[in-house]
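**Q** Sharing a structure, written as structure tokens. Questions coming.
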Amino acid sequence: MRAFPQRGRLEPKSQQVVRLLARPPENLPAGEYWTRMIITGRGAGLRVTGADSSVRAGVNLEIRLVTSVTYRKGRVATGVAVRGINVEAEGDSLTVWARLAREGNAAYHGTADIELVNPRGTVARRWSAAVSVFYPLTRRFSFPTGSLEPGDYKVRFRVRAERPDLPADKVLPAPTVMDSAAVRVG
């Protein structure tokens, strides 16, 4: 992948169009490919002098934008497998460790929903978090529980292929998967 122009100078309040050219190999198998792109902007050096001419200082500002670039070729599909969850309740926090693995030939983007269910079957707490799975991983989810009655609870863990922060046409469909585990609070 190459950028045109590769370097540029922008004056304050000006704009510059940068075009990206990607040339994937022709024999690339069907699937989704991604990379991270880092864009670095450096401000002009600023010299600061005080009333005493023997004191000098300088400020250099550098801003980095890190974004992803995705390329899809041919038919792509995704899914996620939950290989188990471990749950810990300590103090006023609940921590869920989820072992996740991507299925298919594309990244999985979805939402993890965690519910803490009390012994009467009522949902005592509910949380959601964005999740992306590119390769097998163990993801930690930690949430404040506030004050809960001590006792035995059940944690319901669900991962669904929906992301409110991403355009709907960029999130590939996949089945919803669930798991659960018991936890003692207090």
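The values are calculated or read from the model by the stated rules, or taken from the named source; none is laboratory data. Since this is a predicted model, take the numbers as computed values, not measurements. Ideal geometry is used to build each Cβ from the backbone, glycine not excepted, and the neighbour counts take in all protein chains shown.
**Q** I'm told D92 meets every condition in (1) touching a residue at least 40 places away in the same chain (Cβ under 8 Å); (2) within 26 Å of P175 (Cβ to Cβ) except one. Can you identify the failing condition by its number?
**A** Failing condition for D92: (2).
**Q** Any residue in region 8-26 that is at pLDDT below 90, surrounded by 10 or more Cβ atoms within 10 Å (Cβ to Cβ) and assigned to a strand (DSSP E or B)?
**A** yes
**Q** Exactly one condition in (1) in contact (Cβ under 8 Å) with a residue 60 or more places away in the chain; (2) surrounded by 16 or more Cβ atoms within 10 Å (Cβ to Cβ) is not met by V131; state its number.
**A** The single condition V131 does not satisfy is (1).
**Q** Here is a follow-up. Please enumerate the residues belonging to region 27-42 that are among the basic types (K, R) and modelled with pLDDT of 85 or more.
**A** Answer for region 27-42, where residues must be among the basic types (K, R) and modelled with pLDDT of 85 or more: just R36.
Yes or no, residue by residue, for (1) outside any loop (DSSP other than H, G, I, E, B); (2) not charged (D, E, K, R):
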residue: T95; (1), (2): yes, yes
residue: T111; (1), (2): yes, yes
residue: P119; (1), (2): no, yes
residue: E149; (1), (2): no, no
residue: D152; (1), (2): yes, no
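**Q** Considering only residues that are of a type in the set (S, T, Y) and over 30 Å from L21 (Cβ atoms), look in region 64-117 and name the one that is modelled with the lowest pLDDT.
**A** S93
**Q** Within region 145-186, restricting attention to residues that are of a type in the set (S, T, N, Q) and over 23 Å from R75 (Cα atoms), which residue is surrounded by the most Cβ atoms within 10 Å (Cβ to Cβ)?
**A** T145
**Q** Anything in region 113-144 that is small (G, A, S) and under 16 Å from A182 (Cβ atoms)? List them, or say none.
**A** G121, A124
**Q** Of the numbered conditions (1) part of a strand (DSSP E or B); (2) closer than 24 Å to M1 by Cβ; (3) among the hydroxyl-bearing types (S, T, Y); (4) not assigned by TED's automatic domain parsing to the domain that holds A22, Y135 satisfies every one except a single condition; which is it?
**A** (1) is the only condition that Y135 fails.
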